[in-house]
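S.K.: Take a look at the following structure, please.
The values are calculated or read from the model by the stated rules, or taken from the named source; none is laboratory data. Note that the structure is predicted; figures quoted are calculated from it, not measured. Glycine gets a Cβ as well: all are built from the backbone with ideal geometry, and neighbour counts include every protein chain shown.
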Amino acid sequence: MQSSLMQKSLYLLILLYSIFALAFLTEAQNPSSNKATNKLNAGTTRKTNTSRLESKAVKAKGVNPSASSKHSYSFIDYVPNRVDYTPVLQPFIPRINKAISNIKATKSASVSQKCEVIKPIIEELQNVIASINRAYIYEAYFLIGFSYESCDNKQAAIEMYEKSLAQKINNPIAQFRHAAILADSNRCPEAITELKELTWRETINTEEILYKIAQCLFILEQNEAAFKTLNTALNSNPLFISAHRLYIENTRLLLEKTSDPDKQNGYKRDILAHLTKINHIDPNDHDAGMILAEELLTGADLLIEPKRLSRAETIAKYFVDNSEYNDEQAVGILISIRLKQQRYSEAAELAKKGLSKNPQSKLLSNKIKQIELESKLSKSTTNQDSEDISQ
């Protein structure tokens, strides 16, 4: 019996040896198999790394500084992108964007006239809903809602966004657009509730959500809560220009309502600080640049605050040079600075160049009269001083 067991063990060892030998010979004869596997794995790794790089590129190219890894779009300045939609709906995206561009070009048109531009697309999308996979119906409803929103048909947009959210509640862009229209339709309490829910779920683009909440709080005259919310938005993203603008706009309203000198000075400092931040973020922002230059110029003393006047001069000169004297507002501010510096001949030369580009400008025509008047007064004062000295 022991002999039989030994024989069986020997046969088993021989069998195992044969299997290993056969596997070794096969690998030796066909080394490309292992190389191919390694190559495939390497390709997969490269693909993964590439997709990560592309993701970083999307972050960098966000519509505004609030765009980040989860969304490559802005809630406020949303523009539909083909890649975000199912293939059936992708052909509609460039058509919608083109129609919206055409609508924006017709600012004076009525709601019905605007909606006529995009109506054929809406009708086609409504027909597609009947045949589209149920998993993507929410996308179609959203695009219809967005189309209605673009032509200012707010009620229809609200209804379509609600249908989209009924199909898929976890749809942040639909929820934000829905809440934003509620806010614009004087339904701020509802909008705030919905936006707060969105902040609990979303960890990105939060400054845009907070900005919209702050807008509503200002409308409801809850100023303290509004400024606090706005500060939180700016702490999240200091480069968010819209939030700086909203801060300035509502601080001006407070400034107009108060007669307390300390509060007035505080509000003025806040306005100046936010205008300065906008100018640093985007030196080409004309409105902010001009307001900042005028604010710096107002009350600036050549001897006491030379830096303030110098800053106003830098801003005004930037727009004058870039526009080649076509920007009459910037030319006018620069003339005012030259007058404050008592550089009358330079002020006259600026006015002359500005008028050559803007012959009908009342602003620059008035500036020439001002230059002549102040120049005469300066000469008269100088002569009087000379006479006093001689006596």
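S.K.: Restricting the search to the stretch 191-225, which residues are part of a helix (DSSP H, G or I) and of a type in the set (Ser, Thr, Tyr)? Walk me through it before giving the result.
M.R.: First, pick out the residues of the stretch 191-225 that are part of a helix (DSSP H, G or I): 191-201, 206-219, 223-225.
Selection gives THR193, THR199, THR206, TYR211.
S.K.: Turning to a different aspect of this structure: Could you figure out which of (1) of a type in the set (Val, Ile, Thr); (2) touching a Ser or Thr at 6+ places or on another chain (Cβ under 8 Å); (3) in contact (Cβ under 8 Å) with a residue 60 or more places away in the chain isn't true of THR203?
M.R.: Looking at each condition in turn, THR203 falls short on (2).
S.K.: Look at ALA183 and say whether it is among the aliphatic types (A, V, I, L, M), assigned to a helix (DSSP H, G or I) and over 20 Å from GLN222 (Cα atoms).
M.R.: Working: among the aliphatic types (A, V, I, L, M): yes; assigned to a helix (DSSP H, G or I): yes; over 20 Å from GLN222 (Cα atoms): no.
Judged against the criteria, ALA183 is not a match.
S.K.: Residues that are of a type outside the set (D, E, K, R) and surrounded by fewer than 16 Cβ atoms within 10 Å (Cβ to Cβ): list the helices (runs of 4 or more DSSP H) wholly contained in the stretch 278-372 that include at least 3 such residues. Give the steps one after another, and end with the answer.
M.R.: Values: elements: 286-297, 306-323, 328-340, 344-357.
The qualifying helices (runs of 4 or more DSSP H) are 306-323.
S.K.: Now for a separate question. So, LEU275, is that one in contact (Cβ under 8 Å) with a residue 24 or more places away in the chain and more than 29 Å from GLU374 (Cα to Cα) or not?
M.R.: Details: in contact (Cβ under 8 Å) with a residue 24 or more places away in the chain: yes; more than 29 Å from GLU374 (Cα to Cα): yes.
Taking the combined requirement at face value, the residue satisfies it.
S.K.: Going residue by residue through the stretch 207-222, is there one that turns out to be surrounded by fewer than 16 Cβ atoms within 10 Å (Cβ to Cβ) and among the polar types (S, T, N, Q)?
M.R.: Initial filter on the stretch 207-222 (surrounded by fewer than 16 Cβ atoms within 10 Å (Cβ to Cβ)): 219-221.
Okay, now just the ones that are also among the polar types (S, T, N, Q), so none.
No.
S.K.: Would you pick out the residues in the stretch 81-113 that are modelled with pLDDT under 95, among the basic types (Lys, Arg) and either within 14 Å of PHE142 (Cα to Cα) or assigned to a helix (DSSP H, G or I) (or both)?
M.R.: Selection gives ARG82, LYS104.
S.K.: What number of residues in the stretch 295-335 are modelled with pLDDT of 95 or more and over 21 Å from ALA273 (Cα atoms)?
M.R.: 14
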